[in-house]
Amino acid sequence: AQSVTQLGSHVSVSEGALVLLRCNYSSSVPPYLFWYVQYPNQGLQLLLKYTTGATLVKGINGFEAEFKKSETSFHLTKPSAHMSDAAEYFCAVSGYQGAQKLVFGQGTRLTINP
Amino acid sequence: EPEVTQTPSHQVTQMGQEVILRCVPISNHLYFYWYRQILGQKVEFLVSFYNNEISEKSEIFDDQFSVERPDGSNFTLKIRSTKLEDSAMYFCASSEGDRLREKLFFGSGTQLSVL
């Protein structure tokens, strides 16, 4: 069984500040990990994913995440927040090689203050 | 970038009524999915579909739910007799392949409200 916990349903940062969105997972098999973003009135968009290999994963829009097996974490970071980063962010896990059955966290709403 | 299209964006229905949610996946994709998110809860997997049959479904996807690809472009989710607890945002998704290296594309969702 797999699960995801996102710490903080709402995160607020100032423009230009570091963004840190936390995600911890539980998985009985080697996990595949994902971050998705949802802008208002739009679908879920893949930001980045970890499957195998390098544990620091770079995604779109300057975001990156690091897979830490010892901490069962996959936190999302961005060095400098932009107003356009305001959105809902979802962490997800899967252990399946087959059909893309993702288990999502509850989401974190990111607000950027001017 | 190609898009998955869902219609309608909002649907209101009475309890006990049948509802059909429609999706147009990306044209060269072969794998199709439905997820849902009840307000304040997690996005949950409902079902995956390939080659005109269900490949996997969750416990949520009971006999009240069905999926269909009625033609070469649409992918539908039918709820036969809606319940209040079916109120949720329903997301359709598609991918070219079923491996996790394949990118999963989501639609913008249909907000279903059951009264």
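The values are calculated or read from the model by the stated rules, or taken from the named source; none is laboratory data. Bear in mind the structure is a predicted one, so any value in this text is a computation, not a measurement. FYI the Cβ positions are ideal-geometry reconstructions off the backbone, even for glycines, and counts take in every protein chain you see. Surface areas here come from the heavy atoms of the whole protein model, side chains and all, with no ligands, DNA or RNA. Shrake-Rupley method; radii C 1.70, N 1.55, O 1.52, S 1.80 Å.
Of (1) under 22 Å from residue B:58 (Cα atoms); (2) open to solvent by less than 30 Å² (accessible area, probe 1.4 Å), residue A:63 satisfies all except one. Which?
Going through (1) under 22 Å from residue B:58 (Cα atoms); (2) open to solvent by less than 30 Å² (accessible area, probe 1.4 Å) one by one, residue A:63 breaks only (1).
Under 7 Å by Cβ, and 6 or more places apart or on different chains, what pairs join a residue from region A:97-114 that is within 17 Å of residue B:96 (Cβ to Cβ) with one that is surrounded by fewer than 22 Cβ atoms within 10 Å (Cβ to Cβ) and modelled with pLDDT of 95 or more?
Hits for this filter: zero, empty list.
Scan region B:1-24 and report the pairs whose first residue is within 14 Å of residue B:66 (Cα to Cα) and β-branched (Val, Ile, Thr) and whose second residue is part of a loop (DSSP other than H, G, I, E, B) and open to solvent by 50 Å² or more (accessible area, probe 1.4 Å), with Cβ atoms within less than 9 Å and a gap of 6+ or a chain change.
Every condition considered, the pairs that remain are B:19/B:80.
Would you call residue B:28 touching a residue at least 40 places away in the same chain (Cβ under 8 Å), open to solvent by 10 Å² or more (accessible area, probe 1.4 Å) and more than 19 Å from residue B:115 (Cα to Cα)?
Considered against the rule, which asks whether it is touching a residue at least 40 places away in the same chain (Cβ under 8 Å), open to solvent by 10 Å² or more (accessible area, probe 1.4 Å) and more than 19 Å from residue B:115 (Cα to Cα), residue B:28 comes out as yes.
Can you pull out every residue in region B:1-25 that is within 12 Å of another protein chain (Cβ to nearest Cβ) and open to solvent by 90 Å² or more (accessible area, probe 1.4 Å)?
B:1, B:3, B:10
If you go through region A:21-28 one residue at a time, do you hit one that is more than 21 Å from residue B:91 (Cα to Cα), open to solvent by 60 Å² or more (accessible area, probe 1.4 Å) and under 11 Å from the mean Cα position of the chain (by Cα)?
Yes, region A:21-28 contains a residue that is more than 21 Å from residue B:91 (Cα to Cα), open to solvent by 60 Å² or more (accessible area, probe 1.4 Å) and under 11 Å from the mean Cα position of the chain (by Cα).
Being more than 10 Å from chain A (Cβ to nearest Cβ), touching a strand residue (DSSP E or B) at 6+ places or on another chain (Cβ under 9 Å), open to solvent by 50 Å² or more (accessible area, probe 1.4 Å) and of a type in the set (Asp, Glu) is the filter here, so list the residues in region B:58-115 that pass it.
B:68, B:85, B:96
Failed condition for residue A:90, given (1) more than 18 Å from residue B:109 (Cβ to Cβ); (2) at pLDDT 95 or above, with all others met?
Failing condition for residue A:90: (1).
Answer yes if at least one residue in region B:56-69 is within 29 Å of residue A:2 (Cβ to Cβ) and in contact with a Pro (Cβ under 8 Å, 6 or more places away or on another chain), and no otherwise.
No; the residues of region B:56-69 include none that is within 29 Å of residue A:2 (Cβ to Cβ) and in contact with a Pro (Cβ under 8 Å, 6 or more places away or on another chain).
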